[in-house]
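Take this structure, written in structure tokens, and hold onto it; I'll ask about it next.
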Amino acid sequence: MTVTDTDTEEVRIIESGKNPERFARGWHCLGLLKTFQDGKPHQIEAFGTSLVVFQSETDGSINVLDAYCRHMGGNLAHGSVKGDSIACPFHDWRWNGKGRCSGIPYARRVPPVAKTRAWTTLERNGQLFVWHDPQGNPPNVDIPEIEGYGTDEWTDWTWNVQLVTGSHCREIVDNNVDMAHFFYVHYAFPRFFKNVFEGHVATQFMNSTPRQDIVTGTSYDDPNSTLSSEASYFGPSYMIDKLVNVANGVTVETILINSHYPVSPDSFVLQYGAIVKKLPDLSDEENAQMADKFVDGVTLGFEQDVEIWKNKARIDNPLLTEEDGPVYQQRRWYEQFYVDIEDVTDDMTKRFEFEVDTTRAVQSWEAEVAENLKLKQAQQV
Ligand code: FES
Ligand SMILES: [Fe+2]
């Protein structure tokens, strides 16, 4: 990198802006379905409010309501499931999955206005989603089904949950276009990197190898392994990442979910998990171990991200080079989820493609890795 005399003396100022008070419109994954199928109510802090999730004993459906009872504010998540309703612990008012008060055992009649907010849900891929829209419109998009999930050929979900405080969830979405951080933060070595945005979907294509100078225990312990990844956000918060890893001569297919839901303007719950296509030569147990090992690597990756997020500034005007991915374009795409549906512009949804020319980065990183390996060898002699 050279400094030329066209450089100005002016100091670049970070524009931090403010985390939006509004939460994104879209489907948000709350976790694995089976978490909510234990007959108990669950409290979820999301979208600046409290929700209760419970399973109807009558039809098995999973329901999401505002957590606080419209009678006197009791916390429904501390109540119990009775039939198709959740019963408040305070005075036993019953609320069904549609948000209707379905009974008040001690009262002659249920007030006709006894209706609380019921959230639209979706059960897909063994996971529970809620639709969040500040305007109250019904869902206008879908979450795709993951082919293979639920069949005998794939393992079941591993699943991890982590609360991230002090950051807006835009930080995690920025990762999708941030080629260079994969080398520096995640010890991967990106060699091909491309983004495509269209409609409500933002995709990242990446081919990478592990950094041979840093052993992370990922990529199944083969320093010469290759990883190809096609990762798409379907809406603001749910990413399906299809990975093909070739290590030790074995090809392993993994589907990684990377999802989050906002808790407040400056905190969110990160959830991720994976399924692995079973290798026929391995037992179910060994296949599950393989999935666990893969997710250990992913966990490490998120811990590395969180460490950066916790200590960084919000920045609305990042200063970029040609080797950085399309941060501004992706933020424009992301903006569609934070404005009223009538205000979504073409600019936010029209197809946009950008491939980072990685030539220069790969050259410099290869040199850096070689240098580190040489140093390591010298230390060992
Ligand atoms: S506050 Fe819920 S029943 Fe009274
Ligand atoms: Fe990252």
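The values are calculated or read from the model by the stated rules, or taken from the named source; none is laboratory data. Since the structure is predicted, the reported quantities are computational estimates derived from the model, not experimental observations. Methodologically, a virtual Cβ is constructed for each residue, glycine included, from the backbone with ideal geometry; neighbour enumeration extends over all protein chains shown.
Quick check on my filter: what residues within the range 90-112 are touching a Cys at 6+ places or on another chain (Cβ under 9 Å) and in a loop (DSSP other than H, G, I, E, B)?
Within the range 90-112, F90, H91, W93, V110, P111 qualify.
Quick grid of which residues meet (1) free of Cβ contacts under 8 Å to residues at least 24 places away in the same chain; (2) more than 20 Å from the chain's Cα centre (by Cα); (3) within 16 Å of ligand 1 (Cβ to nearest atom); (4) assigned to a strand (DSSP E or B):
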position: V173; (1), (2), (3), (4): no, no, no, no
position: P190; (1), (2), (3), (4): no, yes, no, yes
position: F193; (1), (2), (3), (4): no, no, no, yes
position: A202; (1), (2), (3), (4): no, no, no, yes
position: Q212; (1), (2), (3), (4): no, yes, no, no
position: P236; (1), (2), (3), (4): no, no, no, no
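Pick from D316, D284: which is more than 23 Å from Q162 (Cβ to Cβ) and either within 16 Å of ligand 1 (Cβ to nearest atom) or in contact with a helix residue (DSSP H, G or I) (Cβ under 9 Å, 6 or more places away or on another chain) (or both)?
The conditions single out D316.
Moving on to the next point. Contact list please: Cβ distance under 6 Å, first residue in the range 333-347 and without any contact (Cβ under 8 Å) to a residue 24 or more places away in the chain, second residue buried (at least 16 other Cβ atoms within 10 Å of the Cβ) and polar (S, T, N, Q), pairs at least six apart or on different chains.
Between residues of the range 333-347 that are without any contact (Cβ under 8 Å) to a residue 24 or more places away in the chain and residues that are buried (at least 16 other Cβ atoms within 10 Å of the Cβ) and polar (S, T, N, Q), the close pairs are V344/Q336.
Considering only the range 23-77, state which residues are assigned to a loop (DSSP other than H, G, I, E, B) and within 16 Å of ligand 1 (Cβ to nearest atom). It would help to see each step written out before you state the result.
Taking the range 23-77 and keeping what is assigned to a loop (DSSP other than H, G, I, E, B), we get 23-25, 37-41, 47-48, 56-61, 67, 69-74.
If the condition is that a residue be assigned to a loop (DSSP other than H, G, I, E, B) and within 16 Å of ligand 1 (Cβ to nearest atom), then P41, A67, C69, R70, H71, M72, G73, G74 are the ones that fit.
Can you give me the number of residues within the range 349-381 that are among the hydrophobic types (A, V, I, L, M, F, W, C) and either within 25 Å of the chain's Cα centre (by Cα) or outside any helix (DSSP H, G or I) (or both)? Please lay out each step first, then the result.
As a first pass, look at the range 349-381 and keep what is among the hydrophobic types (A, V, I, L, M, F, W, C): 352, 354, 356, 361-362, 365, 367, 369-370, 373, 375, 378, 381.
Next, only the ones that are either within 25 Å of the chain's Cα centre (by Cα) or outside any helix (DSSP H, G or I) (or both) stay: 352, 354, 356, 381.
Qualifying residue count, the range 349-381: 4.
Does at least one position in the range 180-196 carry a residue that is away from ligand 2 (no atom under 16 Å from the Cβ), closer than 28 Å to N311 by Cβ, in the same structural domain as K278 (by TED's automatic domain parsing) and not aliphatic (A, V, I, L, M)?
No, because not a single residue in the range 180-196 is away from ligand 2 (no atom under 16 Å from the Cβ), closer than 28 Å to N311 by Cβ, in the same structural domain as K278 (by TED's automatic domain parsing) and not aliphatic (A, V, I, L, M).
Which of (1) crowded, with 20+ Cβ neighbours inside 10 Å; (2) within 16 Å of ligand 2 (Cβ to nearest atom); (3) of a type in the set (A, V, I, L, M) is the odd one out, the single condition V276 does not satisfy?
Going through (1) crowded, with 20+ Cβ neighbours inside 10 Å; (2) within 16 Å of ligand 2 (Cβ to nearest atom); (3) of a type in the set (A, V, I, L, M) one by one, V276 breaks only (2).
What are the pairs with Cβ atoms under 9 angstrom where one residue, in the range 293-317, is assigned by TED's automatic domain parsing to the domain that holds I275 and the other, located anywhere, is near ligand 2 (Cβ under 10 Å from one of its atoms) and among the β-branched types (V, I, T)? Sequence gap at least six, or different chains.
As it stands, the answer is G301/V185; F302/I172; Q304/V185; D305/I172; D305/V185; E307/V185; I308/V185; W309/I172, since those pairs meet every condition given.
Going through the range 327-348 one residue at a time, which ones are part of a helix (DSSP H, G or I) and more than 19 Å from the chain's Cα centre (by Cα)? Write out each step before concluding.
Going residue by residue through the range 327-348, those that are part of a helix (DSSP H, G or I) are 327-338, 341-343, 346-348.
Within the range 327-348, Y328, Q329, I341, E342, D343, D346, D347, M348 meet the criteria.
Still on this structure, please answer the following. With respect to F268, is the statement that it is in contact with a Pro (Cβ under 6 Å, 6 or more places away or on another chain) and part of a helix (DSSP H, G or I) true?
On the way: in contact with a Pro (Cβ under 6 Å, 6 or more places away or on another chain): yes; part of a helix (DSSP H, G or I): no.
In short, no.
Here is a list: K98, K115. Which entry is within 16 Å of ligand 1 (Cβ to nearest atom) and farther than 30 Å from V164 by Cα?
The conditions single out K115.
While we're on this one: Please go through the range 120-160 and pick out each residue that is modelled with pLDDT under 95, under 17 Å from the mean Cα position of the chain (by Cα) and surrounded by fewer than 17 Cβ atoms within 10 Å (Cβ to Cβ).
Result: N160, single match.
Given the conditions (1) at pLDDT below 95; (2) within 14 Å of ligand 1 (Cβ to nearest atom); (3) not basic (K, R), report the number of the one that F90 does not fulfil.
The number of the failed condition is (1).
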